[in-house]
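The next block holds one structure in the form of structure tokens; read it before the comments.
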Amino acid sequence: MRDRPDSFDEGLLLPALGAWGIGARTLDYAPVGFGDYHWVADGRWFITVADVRRRGFDGLRLAMDTAAALRAEAELDFVVAPLRTTDGATLLRLDRHRWAMSVFPYTNGLAGEFGEEQPAEDRAAIIDLLAALHATPPPLSTPPRPLELTGRAALEQALQDTRLPWPGGPYAEPAREVIADHAGVLRRRLAEFDRAAARTGEAVVTHGEPHPGNLLRSGGRWLLVDWDTVGLAVPERDLWLVARDAGDLARYADATGRTPDPAALELYRLRWALDDVAEFVEWFRSPHGRTPDAEQSWDALTGTLKTLAS
């Protein structure tokens, strides 16, 4: 996130590193990613702070435990996994209700941007990486990731509330208007999702969000970061974000013996778009200001609605 978190005491972080046996002296805010907040300590450790009111502490802990197991036990060296505390934990509560912290080794590398087009040779390397991940026996901590819309309730409520003013901040009323304009599109797309969501297939360990923003090119190889959404699902949960043509899908099939389902790829694409709309609507119906993160969210909301309409 570009904006620092509201109502968070950054003074908690350096003392909390003691749980990992780390005695850092400097702390720099890192305005990267979207959703969580990040700092770099002494140029050696990458700290992530999550608001666990949004996703739940226990669910995030399972994801972090899974990433750690994929790195240490399955020996997948492309997994940038959280470090364990001296007590063996991958996630530490910073208060009773809201904030939790994980720590990673700081890794030099170049990350991309969500939506960035990747050349064929890069896609091939990433598909090979995903094939290795999907072939890995799931650690016991791996959570299931059913095909569902996590933000459905918020989106359906917003569709019902478009006749009344939305408070919240400078983007609230524009968001209400654009959702009202696209209400028919959104309802049709929700119905389309429901008709197709009964599809099933063999579940494997999936990353969940292997887009360019979560891929780090470091020392001539690719690394996968941000394992918050790791879980058991069909391979298409990952592949729709990477594969762009028949050659990409054939490469995955050759590596795994599994032929990707084009209909499932499109279904996961639709799920992502609808969940994005729900998340941005919830953002704009909550207190917010005219900040870089809010501006980015507005651009993403309008762009996603345009895609859904087309």
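The values are calculated or read from the model by the stated rules, or taken from the named source; none is laboratory data. Every value quoted in this text rests on a predicted model; they were computed, and no experiment measured them. Cβ placement follows ideal geometry from the backbone for every residue including glycine, while neighbour counts extend to all protein chains displayed. Each accessible area value is taken on the protein alone, full model and side chains, heavy atoms only, with ligands, DNA and RNA left out. Shrake-Rupley method; radii C 1.70, N 1.55, O 1.52, S 1.80 Å.
Label separation (Arg269 vs Glu148): 2.6 nm, computed from points 7 Å beyond Cα along the C-beta direction. Of the solvent-accessible surface of the chain, computed with a 1.4 Å probe over protein heavy atoms with every protein chain present, carbon and sulfur atoms account for 50 percent. Working from Cα pairs under 8 Å separated by at least six residues, relative contact order for segment 152-310 is 33 percent.
For the chain, the convex hull spanned by the alpha carbon atoms encloses 135 Å³ per residue.
Taking every C-alpha pair closer than 8 Å and separated by at least 6 residues, the mean separation divided by the residue count of the chain gives a relative contact order of 20 percent. With both labels modelled 7 Å from their Cα along Cα-to-Cβ, the Arg244 to Arg187 distance reads 3.8 nm.
Taking the convex hull of the alpha carbon positions in segment 205-310 and averaging its projected area over all directions gives 8.7 nm².
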